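These notes concern the structure reproduced below.
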Amino acid sequence: MSAVIIARHARTPAERFKDAAWVAFVALLLGIPMVGLTTVDEGGALTVQTRFGMLAIFVGVSFAGRFIFRWIMDQVRGRRAAKSAVAKADRTPLAIRVIGWAVLGASVALPIMFSENRYVIDTATTVLIYVMLGWGLNVVVGLAGLLDLGYVAFYAVGAYTYALLFSHFGWTFWEALPVAGAMAATFGILLGYPILRLRGDYLAIVTLGFGEIIRVILVNWTELSNGPNGIGSIPRPTLFGLPFERNPAEGTQSFATFFGLDFSGMHRIIFLYYLILVLALLTNVFVSRLRKLPVGRAWEALREDEIACKAMGMNVTNVKLSAFAIGAMLGGFAGVFFAARQGFISPESFTFTESATILAIVVLGGMGSQLGVVLAALVLVLLPELGRNFSEYRMLMFGTAMVLIMVWKPSGLLASREPTIRLNKAAATGGEA
Amino acid sequence: MMLHMEGVHAHYGHIHALRGIDVEVQVGEIVTLIGANGAGKSTLMMSLFGKPGASRGRIVFDGEDITRVPSHLISRRGIAIVPEGRRIFQRMTVLENLLMGTAFADPANFNADIKRVYAMFPILEERAAQRAGTLSGGEQQMLAIGRALMSRPKLLLLDEPSLGLAPIYIKRIFQIIRELNTEHGMTVLLVEQNAHHALRVAHRGYVLQHGEIVLAGTGQELLASPEVRAAYLEGGH
Ligand SMILES: Nc1ncnc2c1ncn2[C@@H]1O[C@H](COP(=O)(O)OP(=O)(O)O)[C@@H](O)[C@H]1O
Ligand SMILES: [Mg+2]
């Protein structure tokens, strides 16, 4: 692989171009069998069809992706070189960054590779919902260190807010999204207030109770929530107002007619996939940004030592409430997506098992690690799926895997922590003009 | 006067931990508080932060009554504490720990403040990007002191800074306390079980027993006092 440039010096644009071209070439070689050729069932006989347009997109994405990736890596490295104060210790290993980008690339490319495979895309969508929930809960548990066993409550609040806003006022997905987030955040604060003084086990028990209370209310308050029968025919999200329907209403466009495509049920599935991908990525960027702000550092300090935080003059009440509110808001967003994707919600979807799964994702991922959450969500969603063939041993496999991970990596899959601030040595010791 | 506690009582539930404390700290002084384990030394310091709050009596800091001021607002008035057991933020970096000391301070001062702290503790600059929990005990203590100094306090509280440190670090910590006082004019209230070192570095001292001040005097007087010698010096500390 000498062609892929691994130069230590800063790359010139020409080198970067060449590097990306090589990656695109490899993508082409791999892509011909994987993307370029596809089998189609024609009247019972399998025939091979070519998809060169798709292949071109695949190669183009690889080229652009590699080019951008290299450029960003060089920026990062260049900036680091300038900051001599940063000691070697505790920097996120390059390998983790590379894995992170690789996972991102794979998730963007997935619907292109499996554009006809509804099962794969549906499962991947489920993984992404859990990734988003994991990132949301990570604020509360991983960063602020507040053990929350009732996170599913906020997921439910988000989902029901959308369902009710639609069924009473006809709100669309996009209108309901911010409102549902705000609603979930409000519930986060409502839960946060009474439990400010609790810690550890006590906190866990009360949050567990809160999760159950919300579910029990949804089951029993039939006038509001339609009880165990749930709420149905929740509309799917639209793309800038274009619905994904076979027969759009008279005088309106659908996604397929607008772009002059033949209607396909897969369009909606793929759209939903990209939608949750974008929502999850926004969550990631949002949380990563917050971490580097004083409020994020305060969350982490709170996890480390509450008494020290108080002595440092931190308003611990506000710090805790902000963590609960933001974690809840992100859970609420995921809930809206869930309701829109399923089209039907009932209290059944919001049981303690869900809270436990999301918490397991955060803990297995390595409390506080964003990439760890992705890996753990993959494991926890895919494992039961793979286990379907061994249905009666499914939960056994699941449990064994969890135990093995905790034995092998007691602090989670990725326990490294990225510092939130680096300081230029020159600036600190007077070199700064 | 920097700090004046007048007849302060404090309770933990039914435990009467402080029983009428009178303590004064003048500007520019090092005052030490010695006493056995459980005498109430840490309680006295934390009562300045209202944890536990004074159930009777008055605490005046820098001319203002702070008895009922909420704890998170105390440090803003110019009191910083290096708590017992250091309580640094283990998983955060050294630099992040220092930054936490300025939670409410003007960010414009950050560069100047960190320069000052790094000058005093060069090891912290070397280890800026390292996880604080991986520092040695002595280094962690320096970090805890550095973190407290980042908020530009008028009064620095140190709760048993020598606890659990190797002898070489104990010496260094007392040296630092003296330097802070003589070179930076810092007023210090120092709690110690290590009475010998503490009384030598302090201008004045108080002896605390079962929540009450039983003796007060200059460092030299207390060092020479037979009660102190019998109870705190010859006992082996
Ligand atoms: N959080 C607490 N809850 C209940 N009692 C406490 C608490 N902290 C300290 N005490 C009690 O208060 C008394 C004084 O403790 P402390 O101030 O920690 O003593 P010192 O710092 O001198 O060793 C002791 O009897 C101790 O048991
Ligand atoms: Mg103590």
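Just the residues that are assigned to a helix (DSSP H, G or I) and either hydrophobic (A, V, I, L, M, F, W, C) or closer than 30 Å to A:Ser369 by Cβ (or both), please, taken from segment B:48-74.
B:Leu48, B:His72, B:Leu73, B:Ile74
Would you check if there is a residue in segment B:51-67 being in contact (Cβ under 8 Å) with a residue 12 or more places away in the chain and within 16 Å of ligand 2 (Cβ to nearest atom)?
yes
Condition check: more than 16 Å from ligand 1 (Cβ to nearest atom), assigned by TED's automatic domain parsing to the domain that holds B:Phe110, within 23 Å of B:Arg116 (Cβ to Cβ) and polar (S, T, N, Q). Does B:Gln175 satisfy that? Can you show your working first?
Working: more than 16 Å from ligand 1 (Cβ to nearest atom): yes; assigned by TED's automatic domain parsing to the domain that holds B:Phe110: no; within 23 Å of B:Arg116 (Cβ to Cβ): yes; polar (S, T, N, Q): yes.
Judged against the criteria, B:Gln175 is not a match.
Against the definition (in contact with a Lys or Arg (Cβ under 7 Å, 6 or more places away or on another chain) and surrounded by fewer than 16 Cβ atoms within 10 Å (Cβ to Cβ)), how does B:Asp65 come out, yes or no?
Details: in contact with a Lys or Arg (Cβ under 7 Å, 6 or more places away or on another chain): yes; surrounded by fewer than 16 Cβ atoms within 10 Å (Cβ to Cβ): yes.
Criteria met by B:Asp65.
For the structure I just gave you, tell me whether B:Val82 is within 16 Å of ligand 2 (Cβ to nearest atom), within 28 Å of B:Val228 (Cα to Cα) and buried (at least 16 other Cβ atoms within 10 Å of the Cβ). Before you say what the answer is, go through the steps one by one.
Details: within 16 Å of ligand 2 (Cβ to nearest atom): yes; within 28 Å of B:Val228 (Cα to Cα): yes; buried (at least 16 other Cβ atoms within 10 Å of the Cβ): yes.
Judged against the criteria, B:Val82 is a match.
Tell me yes or no: at least one residue of segment A:372-391 is assigned by TED's automatic domain parsing to the domain that holds A:Arg303, modelled with pLDDT of 70 or more, surrounded by fewer than 24 Cβ atoms within 10 Å (Cβ to Cβ) and not in a helix (DSSP H, G or I).
no
Out of A:Leu290, A:Leu321, A:Leu330, I need the residue that is of a type in the set (A, V, I, L, M, F, W, C), within 14 Å of chain B (Cβ to nearest Cβ) and either on the phi > 0 side of the Ramachandran plot or in contact (Cβ under 8 Å) with a residue 24 or more places away in the chain (or both). Which one? Walk me through how you get there before you give the answer.
Numbers: A:Leu290 fails: within 14 Å of chain B (Cβ to nearest Cβ); A:Leu330 fails: within 14 Å of chain B (Cβ to nearest Cβ).
Among A:Leu290, A:Leu321, A:Leu330, only A:Leu321 is of a type in the set (A, V, I, L, M, F, W, C), within 14 Å of chain B (Cβ to nearest Cβ) and either on the phi > 0 side of the Ramachandran plot or in contact (Cβ under 8 Å) with a residue 24 or more places away in the chain (or both).
Go through segment B:17-53 residue by residue and tally those that are away from every other protein chain (no Cβ under 14 Å) and within 9 Å of ligand 1 (Cβ to nearest atom).
The initial filter retains those residues of segment B:17-53 that are away from every other protein chain (no Cβ under 14 Å), namely B:17-41, B:44.
Now restrict to residues that are within 9 Å of ligand 1 (Cβ to nearest atom): B:17-18, B:33, B:35-41, B:44.
So the count comes out to 11.
Condition check ((1) away from ligand 2 (no atom under 16 Å from the Cβ); (2) closer than 24 Å to B:Gly13 by Cβ; (3) part of a helix (DSSP H, G or I)) across all residues:
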{"residue": "B:Gly38", "(1), (2), (3)": "no, yes, no"}
{"residue": "B:Met46", "(1), (2), (3)": "no, yes, yes"}
{"residue": "B:Arg76", "(1), (2), (3)": "yes, no, yes"}
{"residue": "B:Leu98", "(1), (2), (3)": "yes, no, yes"}
{"residue": "B:Thr102", "(1), (2), (3)": "yes, no, no"}
{"residue": "B:Phe110", "(1), (2), (3)": "yes, no, yes"}
{"residue": "B:Val117", "(1), (2), (3)": "yes, no, yes"}
{"residue": "B:Met142", "(1), (2), (3)": "yes, no, yes"}
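Kindly state which helices (runs of 4 or more DSSP H) lie completely within segment A:198-312 and contain at least 2 residues that are more than 26 Å from A:Val152 (Cα to Cα) and touching a strand residue (DSSP E or B) at 6+ places or on another chain (Cβ under 6 Å). Please lay out each step first, then the result.
Values: elements: A:200-220, A:222-225, A:255-258, A:265-292, A:294-304, A:306-311.
Because the criterion is at least 2 residues that are more than 26 Å from A:Val152 (Cα to Cα) and touching a strand residue (DSSP E or B) at 6+ places or on another chain (Cβ under 6 Å), the helices (runs of 4 or more DSSP H) in segment A:198-312 that meet it are A:255-258.
Condition first: of a type in the set (Lys, Arg) and surrounded by fewer than 19 Cβ atoms within 10 Å (Cβ to Cβ). Now tell me which residues in segment B:101-158 satisfy that. Before you say what the answer is, go through the steps one by one.
The initial filter retains those residues of segment B:101-158 that are of a type in the set (Lys, Arg), namely B:115-116, B:127, B:131, B:147, B:152, B:154.
Hits for segment B:101-158 are B:Lys115, B:Arg116, B:Arg152, B:Lys154.
For segment B:60-84: of the residues being among the hydroxyl-bearing types (Ser, Thr, Tyr) and facing another protein chain (nearest Cβ under 9 Å), which is nearest to ligand 1 (Cβ to nearest atom)? Spell out the reasoning first.
Step one: filter segment B:60-84 for residues among the hydroxyl-bearing types (Ser, Thr, Tyr), giving B:67, B:71, B:75.
Applying the additional criterion that residues be facing another protein chain (nearest Cβ under 9 Å) yields B:71, B:75.
Numbers: B:Ser71: 14, B:Ser75: 20 Å.
Top of the filtered list is B:Ser71.
The values are calculated or read from the model by the stated rules, or taken from the named source; none is laboratory data. It should be emphasised that the depicted structure is a prediction, and the values quoted were computed from it without experimental measurement. Cβ atoms come from the backbone with ideal geometry, glycine included; neighbour counts cover every protein chain shown.
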